[in-house]
Every structure is written in C-alpha cells, then in structure tokens.
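K.L.:
Sharing a structure below in structure tokens format, with a few things to ask.
The values are calculated or read from the model by the stated rules, or taken from the named source; none is laboratory data. Please read these numbers as outputs of a predicted model, since none were measured by experiment. Here Cβ is always computed from backbone atoms with ideal geometry, including for glycine, and neighbour counts include all displayed protein chains. Side chains are part of the model used for accessible areas, which takes the heavy atoms of the whole protein and leaves out ligands, DNA and RNA. Shrake-Rupley method; radii C 1.70, N 1.55, O 1.52, S 1.80 Å.
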Amino acid sequence: MTGLGGPLFPIPTGSLLALGALLFCIGLFGALTRKNLIIVLVSIELMLNAANINLVTFSRLGVNPSLSGQVFSLFTITVAAAEIAVGLALLLAIFRLRRSSEVQDLNVHKW
Amino acid sequence: MNFVWNGPMIAFYVLALSVLGAGILMLSVRKVVYMALSIGGVFIGAAGIYILLGAEFVAVAQILIYVGAITILMMFAIMLTNHKAEEEPFRWTVRNATAAVGSVLLALVLLAVIRSTTWPVQSANLNLNGGNSNPVAIGLVMFKQYAFPFELVSLVLIVGLVGAVILAQERKEEE
Amino acid sequence: MVEYAWLAPVLPLVGYVFLLALGRRAAEGLVAGVSVILTFLSFLVSLAVFTALGAHPDVTGTYTMRWLTLGAHSIDVGFQVTHLNALMLVVVSAVSTLVFLFSKGYMHKDERFPVFYQYLNLFVFSMMALVVSPNLLQLYIFWEMVGLCSYLLIGFWYFKPEAALAAKKSFIVTRLGDVGLFIGIILLFLSSGSFDYSTVFQAATTGHLGLSWITPADLTTLTGILVFVGAAGKSAQFPLHVWLPDAMEGPTPVSALIHAATMVAAGVYLVARMYPLFVASGTALTVVAWVGGITALLGALIALTQRDIKRVIAYSTISQLGYMMMGLGVGAYAYGMFHLFTHAFFKALLFLAAGSVIHAVDTQDLFEMGGLGKKMRITQWTFLFGALSLSGVFPWAGFWSKDSIINATLQSGHMTLFWIAEIAAFCTAFYIFRVYFLTFHGKPRDESKMAHAHEGSWVMTVPLIILAVMAFIAGLFNTGLNNFGLQRYLMADSPTGLIGKVYPDNVPLMIISVTVALVGIGLAALMYWKPVISAEKLARNLSGLYRLSFNKFYLDEIYYGVVVWTGKLIAGIVDFFDRYILDLIVRMLGRLGYMGGVGLKYTQTGQVQTYSVIAFFGIMILLAIAMFHVGGVF
C-alpha cells in the first residue's frame, strides 16, 4: 500500500455511499428547517460534499475506473466556491436592505 | 458483507462517525458561529475520507477551499451581519415535521437501495494514477481530457467573483 | 359601348378616392371641380350607353366574373346593361352632375365641404353600381351602401340634434324594409338556387320557384311582397314613409339628389327590375298598386298643411313615388318608369329651387317668406316650371307621365285607384302652388330676412335653368311626337310582354286631368295669391281634417306607440335576461375564479423553505409511486 497509485484500502462501497446519503439528508434537513440564511447556505454545502464523496467513491468503480470522478469533484468544489461567494454577497446585500439574515424575512413574493 | 477489522477500516469508521457527528452537531447548536465552526469539522472529516480513498489532491483542495476559504468567508459573513444571531429552538411545525419525516424517509430509502444493490468489489491493486502521483495524474487528465470544462469553470469563477463584488458593494441610492 | 358601362359607376368612385386622398382641408374649387367633371364624364358614358342601346335594342348584356362557388351554386359579380338600367344611369348621372354643381354654391364656406363631396361621390357610385348590378346579392350590397350614404348625408350637420335623430330614424325605418328584402332574396336564392335575375325570373314564370313548405304560387307572392317591403322602405311608401320628411334635416342638395331623384327611386327601380316576379303573382302586384295609391293620396293630403317648404316637397315626393308604385302595380311598367324619369328632374328642380330660397332667406318656414319673386327672378321662374310639371299641366313633363299612369289605372279597370289618383292630383296642384304663392308672391312677412335675400351665383342658377328646361321637355320623350320612344325603349327589355302593358293616349282623360290640376292651382291662387278665400277660416271650419293633415295623420305618434314601445318591451325582456340570467352565470364563473384565487393565494407565503418542503414532499411522493407502482427499485 503506497500513496502513489498503489493498491488502495478496500473500504466497502456501500458504507461510503451510506455516509454520503446520510450527509445529504442532514444537509437537506438543515436547508429546509434552519432560519438563518448562512446556515441554509452551509447546509447546501453539506449536500454538495455528500455528492463529492459519492463522486470520489465512484471513480474507483465501473468497467474502466479512472480519475474522472475526482476531476468532477474538483469541478464541484470550484462551483461551490463560486456559489458561496455569490450567496454570501447576496446575503450582505439583503442584510443591508432588511437588517436581517433570516430566510423568513425574504418574503417579497408573498401575496 | 464481511467485516474486515483492520487499520484503514477503523480510520474510515472514525472519520465517518466524526463527519456525521459534526453534521448533527451543526444542526443541534444554537449559535450561528458554532454552526459555522462545526461545519468545518465536516469538511475536514470529508478530506480524511478522500485521503483514505486515495484522492490526495481532492483532499488537499477540500481543505484549502472549504476549510480555508469557505468557512472563513462564512465567519466573515456572520461577523458582518448579525454575529450574535441565534437559531431558535427547533419547533415541530407542520413544515419542520414534513421536512424531518421526508429527510428520514429519504435516508431510509437510499440506505435500502444501497443495501439491496450488489456493488462491484474494488480490485486491490487498482492503478488509477497510471504510475504518477495523484496530483500529477489529475493534472494530466484535467489539462488533456477536461481542458475545455476547466476553462469554463474558470470563467464561472470570474463571473462569480465579479458578481459577488457588484452585489456586495454599497450603493449610493440605497443610503 | 355597352361593355364600357362599368365606367359610369367607377368614375364617381375615382372621385371619392381622390377626395379622400385630398383630405379635409382641400380647396372648395378643386373638390367641386373634380367631382363635377367626373360625374359629367359618367353622365356622358351613361348617355352613350343609353343611345347605343336605343340604336341596337339587342345588345343588352351581362358581364360577370365568378366570385364564390358554394357547392353546386355560384355567385357572380359584374354588371348588366338593360334598357331599364341605362335609363336609370342617365337619370342618376344627370341629376348628380347638376346637384354637384349646385352644392358648390349651397355648401360654400361649410366647414366640412370636402367631406360633403366625398359622401356625395360615394353615394353616386353606390347608386349607379346598384343600378347595374347583375344579381340580387350585389344589388343588396349597394342597396345598403346607398342607405349608409343617405344616413351620413342626412346627419351631415350632426351637431344639430334633429339631424342626428333624423339620420338615425331614416336608417332604422329603411332597415325595417331591408329586412324584408333580405328575407325575400334569401328565399329566392333557396328556391331558385341563384341570385341572378334571369334565373330567378325563369323559375318564377315557369312555376319552378318552390320550397318544401310552400306552394310555388304562394312563394312567388310571398317573395314579391317581401321584395316590395324593401322597396317600400327605400321609396318611403306607406307605412314606412315616416323617415323621408325627417330626412329633410340634411342639406338641401342631398334632399334633391337622394331624397327626391335617385335613392328613393331605387325602390321603384327594384320593383321594376323584379317585374317578372311580380307579374307572376297577381296578388303582389295588387299590393304594390294599393300601397302606391294610398301613399299617393296620403302624401298629398299631408302636404296640404305643412309649414316647412322642404317638408311639403318631401311629402310631395312620397306622393309621387306612390304614383310610380301604383303605375307599376296596375301593370303600366313603362309609365311607372317614365314618371320616375320626369319626376327626377322636376322634383330635383323643386328641391334645388327651395334650396336656393333657403340659402337666400335662411329659413324654411313658408310663413316667414313671401314676395321673394321680385328679388329672385330665376328661382321663381324655375320653381314655377317645377310646380307646373308636378301639377301635371299640359305640356310640362309631369303631365305626360302622370297622365299615362292615371290612364293606365283607368284602362286596367282599377276604378277606386283612379279616383284616388285624381284626388291626389288635385291636392298636388293645390299644395305646390300654395308653396309657390306663399314663397314668391304677396308681401314679405319677414322684412329682416327679406332684406339680404338675393339670387345665388351661377353655379346655383345654371343647374336650376337646365332642370327647368328638362322639367318642361322631359315628357316629350314619350309622346306621339317621337312615336312613344321611351316606352318602346323600355319594353324592348322583354318583347314577350312579361313586363306589363302600354295603353294608347286618352284625350278626354287628359282634359279632365288638366282641368283637375288647374282647379287646384286656381284654388291655391284664390287662397294665397289674391286672398278671396281665407285659408284660416277654411282651416277652422275643417279643423278636424286640418289637424289630421297637419299632424301627418298622427302616424309618427302611432309609430312611437307601436314600434318603439314594442321595441322597448323586447329590449326590456332581453335586458332582463342578459342582466339577471346571463350575467349571473358569467359573474358566478368570475366569482369561482376569484374564490379560487383567494384560496390559493395563501399558498404564496413568500417562504422559500416552505416551497422547498412542498417540492421535496412531491419528489418523495413520486419516488413512492416509482417504487410501489412502477416497481423494480428493490
């Protein structure tokens, strides 16, 4: 077992996917119930992380295993970074406008 | 599923439990600052799991971007807005109950699906990196096979950056 | 030449389009000049067609092209030239030209001068196109168009409430007739399968005009009467005559052109055009004769007492149109049209002369005029010619044509109608000379109005003189002098005798008629010129009859009571139905949507997380369906 492309630890795929699934559900629950806009954003990050774990897991499976899964997880991380930057900028703008960072105050579309 | 009790497996379970624990902690603490800190635990744990999976570059990127940048960015955001904000205690409203039941159901369904599927066993001597170190291999793949998506992603970053600046800057007419 | 007959209607249309392009600020001289020239060209074309037909009676023709094909039927558009059409073309274009010229003076300085000429041009186009229509559908289209022009021109001074009301009245009353005409046309189409005159007549005369629910003979009568209802509306026959006197609110040239010479004659023309249909049904002809006779008498009686100069002439028009209808009804086709021909000239003349008077003294009340003869020599003389012609004094035009009709009435055995005609003739002579004496003789009753009275410019006097000449000589076109040229000309349309009879001159009757007319004139002279008999005393002695006549036999009031009240009743019922039944349903539907909206708006909380929960729950449901219904997941 070497770190440089040698044989890898045979961690069971099911366990990894279960971890991803649970992490995803935690993130989902947080995104749906938390009041603070920042925590909602964080929860979304959590869901993205769960997806990343799945991607990295899957990169070792299949007929032709390759690094594509890892590259995709890198792309996801990049997009997540952009997302969080824009999201937080929006948060700041909204906070300036409404003096609040709570989701329930963003109700301009209310009847 | 035969359970192998060796070092990497112990490490995996410890990491997995800590990731889930940090996630649950995030949902259970009240202060927003603590929430943001506990999410850092999730990110670090996930990075450990990447290392266990042989994705060292992804793990380093995870630590740099998520732990180093995003968590800190969030701390700044919290400080700039309402840093004393506290989450209200969880209440069993219809909405929250629906969300909880739905999430649990989804988790159960996913777990059931994962359990009922036969996953291929990883070959022990899989050579993903083609003899190179993992970052070298990723670099080769990224700049050969995924050159165009790479450029697109950089464009997304630029747009996100500019957009964030424009959104966050204070405007005269709002005063 | 005949194949160029389409030019006659098209030239005024060109004028209309041209004036429309010029706009409302165009110079009066240009507008009137172009109109007069184009109408005059149209007149020349009409005259050429007329003479071409006279030289070669067999060159009448129909020029059409296919417009629509409906299953086995087809509808054509085009034009048709017959002797009758050619005569009408000449009459319409001749009177139009003169009226156009006259209007230049009469409408001078009117704010909407170019618009007036636009309407007139459109009218002349419609009228001529109506005349040359080769089938009933095309005729109906132009029939409505002349109605529209009449409406526009009566209401030309729409800022006068009376004018606007009169325009509306004329439109609605003639519409009553038009409905009859339209039903008649539809029935004819359904039963004969064509709108073409020839096909319809063929079916009517051979008894093939049939529908399943009616015998051919009855259908012929029914359609004949329905067509006549349309004609009665247009030609102001009793009881649809009430619109014509009110139509005098329009400018006087309009009265002369549309409500004396041309459009009101369209009803007479229609009956003449459809004559084979009427001949096929004796009943329809009898109806035409009697309605014509009653109208002739009624119009003459009402005209006796009216104070408004134009209304007298309007009732006179109604009366004379009644004569024409009566002539057609008793089988004297050629004489009815002959009277139409002469009447067009002398009635247009009377109207234009009246217009000249009105233009000079700015009033229409006979009892505010008087003594105008000294100041308006030409108007006086031309009016006198028109009056003599109308009265039927030898040898003016009206004498020949009216006497022909009376003669035909007598010789065809309609004794009652003959007496009606003679009484009406007496009244005619009386009322028109009452107008003449009140207007031109005696002392001025209103000095202030007299003071600035003067003859109009040449554009007004020249048409008067030309018309006066025509009112004098038009009758000679159908006398022994030219071997009765006009009636031979008209009868050439149908050599088989399908279109009525002609009768030899009846000299004793002529003498009687002229005597009757002269007695009427003499009575008028005694009452209004050299007042030997007091008109007031006579009116008082016969106050019942006087009031009956003065109030137009209360027909307007009866109309108001019956037609308007019925209309209001129906409108009320419909209104109730609309308001409380239809609207209720509609409002319920609207309320339903509103309630739905009110109910559903509460789902729009503006809470992103609520939306997400709902969407998530929906996904879960879909997942459940996928698992348990579609299967295959576990």
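K.L.:
Can you give me the accessible area per residue for the protein assembly as shown, using a 1.4 Å probe, in Å²?
P.N.:
Working: 39430 Å² over 920 residues.
Accessible surface, normalised per residue, equals 43 Å².
K.L.:
Could you give the angle, 0 to 90 degrees to the nearest 10, between helix C:136-154's Cα long axis and the longest principal axis of the Cα atoms of chain C?
P.N.:
With both axes taken from Cα atoms, the answer is about 80 degrees.
K.L.:
Can you pull a Stokes-Einstein diffusion coefficient for chain C at 25 °C (0.890 mPa s), Rh from Kirkwood over Cα pairs, as a whole number of µm²/s? List each step's numbers first, then the result.
P.N.:
On the way: Rh = 26.5 Å.
Using the Kirkwood radius from Cα pairs, D works out to 93 µm²/s.
K.L.:
On to the next question. Considering only C-alpha atoms, what is the centroid distance from region B:84-157 to region B:9-42, in Å?
P.N.:
About 17 Å separates the Cα centre of region B:84-157 from the one of region B:9-42.
K.L.:
Follow-up question, since we're still on this one. Can you send over the carbon and sulfur percentage of the accessible area for the protein assembly as shown, probe radius 1.4 Å, protein chains only?
P.N.:
Details: 27930 of 39430 Å².
It is 71 percent, rounded to a whole number.
K.L.:
Can you give the percent of C-alpha pairs in region C:203-353 whose distance is more than 20 Å?
P.N.:
45
K.L.:
Related question: To the nearest 10 degrees, how steep is helix C:161-192 against the longest Cα principal axis of chain C, on a 0 to 90 scale?
P.N.:
Relative to chain C, helix C:161-192 is tipped by roughly 80 degrees.
K.L.:
Hydropathy at least 1.0 by Kyte-Doolittle, axial extent at least 24 angstrom from the Cα trace: which helices of chain B, defined as entire DSSP H runs, fit? Write down the numbers at each step before the final one.
P.N.:
Numbers: long enough: B:7-28 (31 Å, 1.94); B:32-52 (31 Å, 2.06); B:94-116 (32 Å, 1.67); B:147-168 (31 Å, 2.42).
In chain B, the long hydrophobic H runs are B:7-28, B:32-52, B:94-116, B:147-168.
K.L.:
Another question, then. Could you name the aspartates and glutamates whose alpha carbon sits less than 18 Å from that of C:Lys160, not counting residues in the same chain fewer than 8 places away?
P.N.:
Leaving aside aspartates and glutamates fewer than 8 places away in the same chain, those within reach of C:Lys160 are C:Asp110, C:Glu111, C:Asp246, C:Glu249, C:Asp308, C:Asp362, C:Asp365.
K.L.:
Let me ask something else. Which pairs, out of C:Lys104/C:Lys374; C:Lys109/C:Lys530; C:Lys168/C:Lys501; C:Lys168/C:Lys347; C:Lys234/C:Lys374, put more than 29 Å between their alpha-carbon atoms? Don't jump to the answer; show the numbers that get you there.
P.N.:
Details: C:Lys104/C:Lys374 24 Å; C:Lys109/C:Lys530 39 Å; C:Lys168/C:Lys501 40 Å; C:Lys168/C:Lys347 24 Å; C:Lys234/C:Lys374 38 Å.
Over 29 Å apart, Cα to Cα: C:Lys109/C:Lys530; C:Lys168/C:Lys501; C:Lys234/C:Lys374.
K.L.:
Tally Lys/Arg at +1 and Asp/Glu at -1 over every other residue whose Cβ is under 13 Å from the Cβ of C:Met324; what's the total? Spell out each step's value before the answer.
P.N.:
Numbers: positive: C:Lys234, C:Lys347, C:Lys402; negative: none.
Taking every Cβ under 13 Å from that of C:Met324, the sum is +3.
K.L.:
Ok, one more. Where does helix A:68-98 land angle-wise versus the long Cα axis of chain A, in degrees 0 to 90, nearest 10?
P.N.:
Its long axis makes an angle of about 10 degrees.
K.L.:
Aspartates and glutamates within cross-link reach of C:Lys402: Cα-Cα under 19 Å, excluding same-chain residues under 8 positions apart?
P.N.:
Result set, ordered by chain and number: C:Glu422, C:Asp505.
K.L.:
Over its Cα atoms, what ratio of radius of gyration to 2.2 N^0.38 Å does region A:35-105 give? All intermediate terms of the calculation are to be shown ahead of the outcome.
P.N.:
Details: Rg = 16.3 Å, N = 71, 2.2 N^0.38 = 11.1 Å.
With N residues counted in region A:35-105, Rg over 2.2 N^0.38 Å equals 1.47.
K.L.:
Here's another thing I want to ask about it. Can you check how the C-alpha radius of gyration of the protein assembly as shown compares to 2.2 N^0.38 Å, as a plain ratio? Don't skip to the end; give the middle numbers.
P.N.:
Working: Rg = 50.0 Å, N = 920, 2.2 N^0.38 = 29.4 Å.
Normalised Cα radius of gyration, the protein assembly as shown: 1.70.
K.L.:
Ok, one more. Are there any residues in region A:47-75 with a reduction of at least 30 Å² in accessible surface when going from the isolated chain to the assembly of protein chains? Probe 1.4 Å, please list them by number.
P.N.:
Hits at the 30 Å² cut-off: A:Asn49, A:Ile53, A:Val56, A:Arg60, A:Leu61, A:Pro65, A:Leu67, A:Ser68, A:Gln70, A:Val71, A:Leu74, A:Phe75.
K.L.:
So what are the radius of gyration and Dmax for the Cα set of region C:128-193, in Å?
P.N.:
Just the Cα atoms of region C:128-193 yield Rg and Dmax of 14.3, 47 Å.
K.L.:
Just how far, in whole angstrom, is region C:295-350 from region C:160-189 if you go by their alpha carbon centroids?
P.N.:
20
K.L.:
Of A:Leu91, C:Leu11, which has the most accessible area and how do the rest follow, probe 1.4 Å?
P.N.:
Working: A:Leu91 0, C:Leu11 30 Å².
Most to least solvent-accessible, the answer reads C:Leu11, A:Leu91.
K.L.:
Take every residue in peptide B:149-156, count the Cβ atoms of other chains within 10 Å of its Cβ, and give the average of those counts.
P.N.:
Details: counts 3, 4, 0, 1, 7, 1, 0, 6.
Mean shielding by partner chains, rounded to a whole number: 3.
K.L.:
Using +1 at the C-beta of Lys and Arg and -1 at the C-beta of Asp and Glu, which of C:Gly456, C:Ile172, C:Leu152 has the Cα lying farthest in the positive direction of the dipole of chain C?
P.N.:
Result: C:Gly456.
K.L.:
Interface A/B, total buried accessible area with a 1.4 Å probe, nearest 100 Å²?
P.N.:
Working: alone 8090 and 14040 Å², together 14730 Å².
Summing both sides, the interface buries roughly 7400 Å².
K.L.:
Here's a follow-up. If packing is taken as the average count of other Cβ atoms within 10 Å, what order do C:287-294, C:601-608, A:82-89 fall into, highest mean first?
P.N.:
Working: C:287-294: 23.9, C:601-608: 13.4, A:82-89: 21.4.
In decreasing order of mean packing, C:287-294, C:601-608, A:82-89 become C:287-294, A:82-89, C:601-608.
K.L.:
Can you pull the accessible area of B:Ser154 for me, 1.4 Å probe, Å² to the nearest 10?
P.N.:
40
K.L.:
Follow-up question, since we're still on this one. Rounded to the nearest 10 Å², what accessible area does C:Met510 have for a 1.4 Å probe in the complete protein model?
P.N.:
Here the accessible area works out near 30 Å².
K.L.:
So for chain B, taking the charge dipole from beta-carbon charges (+1 Lys/Arg, -1 Asp/Glu), which of B:Ala36, B:Gln145, B:Tyr50 sits furthest toward the positive end?
P.N.:
About the Cα centre, the residue reaching furthest to the positive side is B:Tyr50.
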